[in-house]
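The values are calculated or read from the model by the stated rules, or taken from the named source; none is laboratory data. Just so you know, these numbers come straight off a predicted model, no measurement behind them. Cβ sites come from the backbone with ideal geometry, for glycine too, and all protein chains shown count toward neighbours. Accessible surface is based on the protein model in full, side chains and every heavy atom, while ligands, DNA and RNA are left aside. Shrake-Rupley method; radii C 1.70, N 1.55, O 1.52, S 1.80 Å.
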2 protein chains.
Amino acid sequence: MIGKLIEGLRATGRRLTRTRRAVLRVLEGNQYPLSASELYERLQKEKVSIDLVTVYRTLTVLKELGFVSQLELHHEGQFRYEIRQGRKHHHHIRCQGCGRIVDLLLCPLKKLTSLIEKETQFVVNEHTLEFGGLCPKCQ
Amino acid sequence: MIGKLIEGLRATGRRLTRTRRAVLRVLEGNQYPLSASELYERLQKEKVSIDLVTVYRTLTVLKELGFVSQLELHHEGQFRYEIRQGRKHHHHIRCQGCGRIVDLLLCPLKKLTSLIEKETQFVVNEHTLEFGGLCPKCQ
DNA sequence: TGATAACTGCAAAGAATTTGCAATAATACT
DNA sequence: AGTATTATTGCAAATTCTTTGCAGTTATCA
């Protein structure tokens, strides 16, 4: 992963820094998408000296290079980021109680897309699908 | 509509005011969901004297009474509001070029919900589905 | 008409995110 | 290895959307 990161950074005239490495490492160590401030907190716990602004800027770069994807879950008012590397297209379900986010591996929308294109005359480029509910612990 | 509004307001110890009437009227005159600031601008054009804060507070009340629903479209960073009165459950498609929002009357997710509940052990209470693309003019 | 709340406007606070700029650090070249 | 170049960082401050506090205004009901 680091190898590909260096490659990607170089190709766009960027540099591999202590902070970029640290951000990527924390994201890799987490199976659910983190917000910028969550990432910041975890870095602080690990005694990595970094500014929240730098976290934002790093996430922007990683997103531009295609290493992470940016999620916008409803009722949250913030972005979340997760490693995109080698992951299939998927959606999420979020617990309305504790906020826990779980991946959904299915996506039933491919067929629907062409139907919608016919109906609206739009060219569909993306879709977001998200469920909200209560996880077993919060029920 | 106004009749039901008065009824709803009364029932919760609230009052029908010039501003609430105006906000509802503008929402009714629009077929696509408006943001608070868009609503504010339209009211200004109509020479209705109102503060943006009051627009927000009014939208909150209308939402609580079930007269409008609050939407959170992706890549927008703001809420939108649309009349809910007598409208069926639906989703939206938004043009990535001009931002135009069109309703989608179909919803293919009812069957999917029980599948997801089995898979995740969540109780699903809501879902959001949204498409992004280019409208005929922006293609 | 007057009393009692609810409602409004204004200013200011909050939260997430972005921007400007000088100091710092990674890279390339010698 | 040493130095010049230029990307990156940290800090402060700005932005955007939304919410809150409070005193003055207005709708409602006796």
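Counts of other chain beta carbons within 10 angstrom of each beta carbon in peptide B:104-115 average 3. Here the extension length gained between A:SER37 and A:ARG21 equals 4.0 nm, from 0.36 nm per residue of separation less the Cα-Cα distance. Accessible area per residue for chain B, computed on protein heavy atoms with a 1.4 Å probe, is 57 Å². Here the range B:57-72 and the range A:1-80 have alpha carbon centers that stand 36 Å from each other. For the Cα atoms of chain B, what angle does the longest principal axis make with the long axis of helix B:18-28, in degrees from 0 to 90, nearest 10? Around 40 degrees separate the two axes. Inter-label distance, A:ARG10 to A:SER49: 2.9 nm, where each label sits 7 Å from its Cα along the C-beta direction. Quick one: helix A:110-120 against the long Cα principal axis of chain A, what's the angle to the nearest 10°, folded into 0 to 90? The angle comes out at about 70 degrees. Total buried accessible area between B and A, probe 1.4 Å, nearest 100: 3400 Å².
For the set A:LEU65, A:LEU73, the ranking by accessible area, highest first and with no ligand, DNA or RNA atoms included, is A:LEU65, A:LEU73 under a 1.4 Å probe. Mean per-residue shielding of peptide B:55-65 is 0, counting Cβ atoms of other chains within 10 Å of each Cβ. Against chain B, whose longest principal axis is taken from its Cα atoms, helix B:36-45 shows a tilt of about 40°. Taking all protein chains together, B:ILE2, B:ILE116, B:ILE83 sort by accessible area into B:ILE2, B:ILE83, B:ILE116, largest first [probe 1.4 Å]. For B:LEU104, the residues 5 or more places off, or on other chains, whose built amide H falls under 5 Å of its own are B:HIS91, B:HIS92, B:ILE93. Residue by residue along B:129-139, Cβ atoms of other protein chains within 10 Å of the local Cβ number 6 on average.
Most mobile of A:PHE79, A:PHE67, A:PHE122 per a Gaussian network model of chain A (Cα springs, under 10 Å)? Residue with maximal mean-square fluctuation among A:PHE79, A:PHE67, A:PHE122: A:PHE122.
Exposure check, 1.4 Å probe, all protein chains in place: A:GLU126 carries approximately 60 Å² of accessible surface.
For the range A:2-11, putting each phi into the Karplus relation 6.51 cos²θ - 1.76 cosθ + 1.60 with θ = phi - 60° gives couplings of 4, x, 5, 5, 4, 3, x, 5, 3, 4 Hz, in residue order, rounded to whole numbers and with x for Gly and Pro. Here is how far apart the A:ILE6 label points are across copies: 7.6 nm, shortest first, using a point 7 Å from Cα toward Cβ. For the protein assembly as shown, the Cys residues with no second cysteine's beta carbon closer than 4.7 Å are A:CYS98, A:CYS107, A:CYS138, B:CYS98, B:CYS107, B:CYS138. In chain A, the portion of solvent-accessible area held by carbon and sulfur atoms comes to 49 percent [1.4 Å probe, whole percent, DNA, RNA and ligands not counted].
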